[in-house]
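The values are calculated or read from the model by the stated rules, or taken from the named source; none is laboratory data. This structure is a prediction, so every number in the text was calculated from the model and none was measured. Reconstructed Cβ throughout: ideal geometry from the backbone, glycine too, with neighbour counts over all protein chains shown.
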Amino acid sequence: MCGIVGFNGHKNGIPKIIKGLESLEYRGYDSAGIAYINNERITIKKEKGRIKNLKDLITEKENAYLGIGHTRWATHGEPTKENAHPHQQGKFTLVHNGIIENYMELQKILKDKHYAFISQTDTEVACALIDYYYQKDANIKMAILNASKQMRGAFAFGIICEDDKETLYAIRKTSPLIIAKSKDGNFIASDVPAILEFTNEYFLLNDLELAEITKDNITFYNEELKEIKKESSLFEGNLEASQKGGYEHFMLKEIHEQDEIIKNTIACYYDGTIASLDKSFPDLTKFNKIDIVACGSAYHTGLCAKSFIENYANIPVNVEVASEYRYKKCFYDKNTLVILVSQSGETADTLAALRKAKKDGITTLAIVNVVGSNIAREADYTLYIKAGCEIAVATTKAYLAQVAMFSLLAIYLGYKKGLIQEEELIEINKDIKNLPKMIRKTIDNDLYFKIADQIYENKNIFFIGRGLDYALCMEGSLKLKEISYINSVAYQAGELKHGTISLIEKDTPVIALSTEDELREKTISNIKEAKSRGAKVIYVTNKIPEEKFYDEIITIEKIHPILQSILTMIPLQLMSYKVAKNKNCDIDKPRNLAKSVTVE
Ligand code: F6R
């Protein structure tokens, strides 16, 4: 999704803004632009494609103390130079992240007032609307607020006005935007990595709060234009966490961090005693039904959670994709807990599902990575997974930390309901202690790369499994297709013969997972069905079989079933990574994808 960086300070802001935009590249974009004030003039430069194209337009001589930069992820109109931000209308120049849902209606009104538009964007309409209000009473802050109240949808704006060349303005509704303070000046940014080289002190804006930013001061206003005071926050991570640290790609670095991350996630909530979980979690024992709502990989962690919570705590769990849940009839009541899972905490559909549940008076719990994000702030309860900054678009460490959080939740609920006994808890604790070492050992295995070298030229790759393994197949398949662009499908092993098996031909790779003892025999029968139709079977298991019905075998260590998925996922992540690398794909920024999906 679009990235915004703005600066107002005592030193040249152009390099800072460009650097900031580069650190937001992970969000996904197709054009980039900047507007800055130099010699009392507002200059706009923008170009299609990578930030490098924008940099080529800027000479070393150019110097500006105030500017706004943008990376655009196209929503309204093609990725062209005309549609790239910043946009200008009348006295105003602005950058925008989000979608203005009623922009056509507003555009029609503005056209009648003689505004003309050169781009196809909703952003240019927003800019004209602010100018329109400004023309009425010449009050910049009022104009921004009045226009913002007229717009439906989600937005974050960085705004400059020709009549006040000393000030940068910012406002947001639903889309993320932080305001940061450094010794050289003040910033606005869509996400923390953009400012980390300069400062780690930042402020969060609530919906329709306005920031007036000069070189030395930041003043906040509420939607009635009353001045308000805000406390700053300090980002806990460091700059190193947002750099590659010697790895070729962020994705590889993030996969390699997983032993430390999982250790940390678990240690933050659980010291081996149920008393620690009692302290960490809200009292969730009164709920007799759980809805888990999320998108993409986060949705897949919900599928793992369903298996954990139903099996260990005997509570029915319904897992739903957020874009469906927000519009469907929900059969929840006061005994239902709605859990929202989101790495970014900003995903528009998940946020809308949360708001729907809250509006209906249902208790909500958010499992989130990004501290202070909308979902984290709005839910009744929030558990942070503490996975640190995740830069690669394809999630790995945050996915695993979400799964670990659900394992803890199932242990807690299972124990409280008397379904996990003391002896079993001792076994689980032993495995939790060894888990980081086991994760490390699972990562440090070059077999996955060798197998990837054998399959990367295939056009179709299948993942099959039953039960919990099927939930992991869904994620394995998504990981592969999103970064390598290979068509891949995840199937319940027993379903294959009801249609999909017709797609299996000689040497079609079938990655077959089997880690649950009670389902193993059945899964093996299904694998044999695929094998006898020519499939190249890559068998991923925690028990070496006596019979050889596979072409390649990946063995992972056996661990308590409530923790097993954490290990099983790792080979799938690394195989996908190497397949994409062999195909020369843009691994950290796959085409068309965005890290934080703030539009519906
Ligand atoms: C895939 C991936 C996405 C996200 C999804 C939800 O690798 O990262 O499928 O899981 O867009 O994002 P969050 O978790 O930020 O709500």
ask   = In this structure, does ASP360 turn out to be in contact (Cβ under 8 Å) with a residue 12 or more places away in the chain and more than 15 Å from the ligand (Cβ to nearest atom)?
value = yes
request  = Considering only residues that are touching an Asp or Glu at 6+ places or on another chain (Cβ under 8 Å) and not hydrophobic (A, V, I, L, M, F, W, C), look in region 57-81 and name the one that is farthest from GLU25 (Cα to Cα).
outcome  = HIS76
Pairs where the first residue, in region 405-428, is part of a helix (DSSP H, G or I) and the second is among the small types (Gly, Ala, Ser), C-beta under 6 Å, 6+ apart = PHE406/ALA305; ALA410/ALA313; LEU413/ALA313; GLY414/ALA313
task = Could you tell me whether VAL293 is among the hydrophobic types (A, V, I, L, M, F, W, C), surrounded by fewer than 21 Cβ atoms within 10 Å (Cβ to Cβ) and within 14 Å of the ligand (Cβ to nearest atom)?
result = no
request  = Go through region 322-354 and give me each residue that's aliphatic (A, V, I, L, M) and more than 16 Å from the ligand (Cβ to nearest atom).
outcome  = LEU337
note = Pairs returned, first residue in region 577-600 that is touching a residue at least 40 places away in the same chain (Cβ under 8 Å) and assigned to a loop (DSSP other than H, G, I, E, B), second residue that is of a type in the set (S, T, N, Q) and within 12 Å of the ligand (Cβ to nearest atom), beta-carbon separation under 8 angstrom, 6 or more apart or interchain, are LYS595/SER344; SER596/SER344; SER596/THR347; VAL597/SER344; VAL597/THR347; THR598/THR347; GLU600/SER323
task = Could you run through region 51-62 and say how many residues are modelled with pLDDT of 90 or more and farther than 19 Å from GLY77 by Cβ?
result = 6
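Residues in region 302-324 that are in a helix (DSSP H, G or I) and more than 17 Å from the chain's Cα centre (by Cα): how many?
The total comes to 12.
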key: Boolean, LYS136 is in a helix (DSSP H, G or I), among the basic types (Lys, Arg) and farther than 22 Å from ILE160 by Cβ   = no
inquiry  = Which residue is surrounded by the fewest Cβ atoms within 10 Å (Cβ to Cβ), if the candidates are limited to region 397-453 and must be away from the ligand (no atom under 16 Å from the Cβ) and of a type in the set (Gly, Ala, Ser)?
reply    = GLY418
ask   = Of the residues that make up region 473-491, is at least one away from the ligand (no atom under 16 Å from the Cβ), of a type outside the set (Ser, Thr, Tyr) and crowded, with 24+ Cβ neighbours inside 10 Å?
value = no
note = In the set ILE570, ILE511, ILE554, the lone residue that is within 16 Å of the ligand (Cβ to nearest atom), buried (at least 21 other Cβ atoms within 10 Å of the Cβ) and within 34 Å of the chain's Cα centre (by Cα) is ILE570
request  = Confirm whether ILE538 is part of a helix (DSSP H, G or I), away from the ligand (no atom under 16 Å from the Cβ), buried (at least 17 other Cβ atoms within 10 Å of the Cβ) and touching a residue at least 60 places away in the same chain (Cβ under 8 Å).
outcome  = no
query = Any residue at all in region 258-276 that is outside any helix (DSSP H, G or I) and either buried (at least 21 other Cβ atoms within 10 Å of the Cβ) or touching a Ser or Thr at 6+ places or on another chain (Cβ under 7 Å) (or both)?
reply = yes
Candidate set from region 21-40 (those that are among the polar types (S, T, N, Q), at negative phi and over 18 Å from the mean Cα position of the chain (by Cα)); member that is surrounded by the most Cβ atoms within 10 Å (Cβ to Cβ) = SER31
note = When every residue in region 4-20 that is among the small types (Gly, Ala, Ser) and surrounded by 24 or more Cβ atoms within 10 Å (Cβ to Cβ) is compared, the one nearest to ILE34 (Cα to Cα) is GLY6
request  = Tally the residues that are under 24 Å from GLN573 (Cβ atoms) and of a type outside the set (A, V, I, L, M), restricting the search to region 416-443.
outcome  = 8
message = Being within 28 Å of ALA392 (Cα to Cα) and assigned to a helix (DSSP H, G or I) is the requirement here; does LEU21 meet it?
response = yes
note = The residue that is farthest from PHE155 (Cα to Cα), considering only those in region 98-131 that are touching a Lys or Arg at 6+ places or on another chain (Cβ under 8 Å) and of a type in the set (D, E, K, R), is ASP131
remark   = Screening ILE130, ILE140, ILE99 for residues that are in contact with a strand residue (DSSP E or B) (Cβ under 6 Å, 6 or more places away or on another chain) and in contact (Cβ under 8 Å) with a residue 60 or more places away in the chain leaves only ILE99
task = Among the residues of region 574-590, write down those that are within 14 Å of the ligand (Cβ to nearest atom) and touching an Asp or Glu at 6+ places or on another chain (Cβ under 9 Å).
result = SER576, ALA580, ILE587, ASP588, LYS589, PRO590
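Quick one: in region 258-277, which of the residues that are free of Cβ contacts under 8 Å to residues at least 12 places away in the same chain and not β-branched (Val, Ile, Thr) is nearest to the ligand (Cβ to nearest atom)? Let's see the steps before the verdict.
Filtering region 258-277 for residues free of Cβ contacts under 8 Å to residues at least 12 places away in the same chain gives 267, 271, 273, 275-276.
Subsequent filtering for residues that are not β-branched (Val, Ile, Thr) retains 267, 271, 275-276.
Details: ALA267: 22, ASP271: 27, ALA275: 30, SER276: 26 Å.
By that ranking, first place goes to ALA267.
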message = For region 111-162, give me each residue that is surrounded by fewer than 22 Cβ atoms within 10 Å (Cβ to Cβ), within 21 Å of GLU82 (Cα to Cα) and within 31 Å of the chain's Cα centre (by Cα).
response = SER119, GLN120
task = Among the residues of region 458-472, count how many are assigned to a helix (DSSP H, G or I) and more than 16 Å from the ligand (Cβ to nearest atom).
result = 3
note = In region 279-301, anything without any contact (Cβ under 8 Å) to a residue 60 or more places away in the chain and either part of a helix (DSSP H, G or I) or touching a Lys or Arg at 6+ places or on another chain (Cβ under 8 Å) (or both) is listed as LYS279, ILE292, TYR299
ask   = GLU78 passes all but one of (1) without any contact (Cβ under 8 Å) to a residue 60 or more places away in the chain; (2) surrounded by 16 or more Cβ atoms within 10 Å (Cβ to Cβ); (3) within 25 Å of the chain's Cα centre (by Cα); which number fails?
value = (2)
query = If you go through region 371-381 one residue at a time, do you hit one that is touching a residue at least 60 places away in the same chain (Cβ under 8 Å), surrounded by 20 or more Cβ atoms within 10 Å (Cβ to Cβ) and either under 30 Å from LYS329 (Cβ atoms) or within 16 Å of the ligand (Cβ to nearest atom) (or both)?
reply = yes
message = Please count how many residues of region 287-301 are out of contact with any helix residue (DSSP H, G or I) (no Cβ under 7 Å at 6 or more places or on another chain) and closer than 14 Å to ALA404 by Cβ.
response = 0
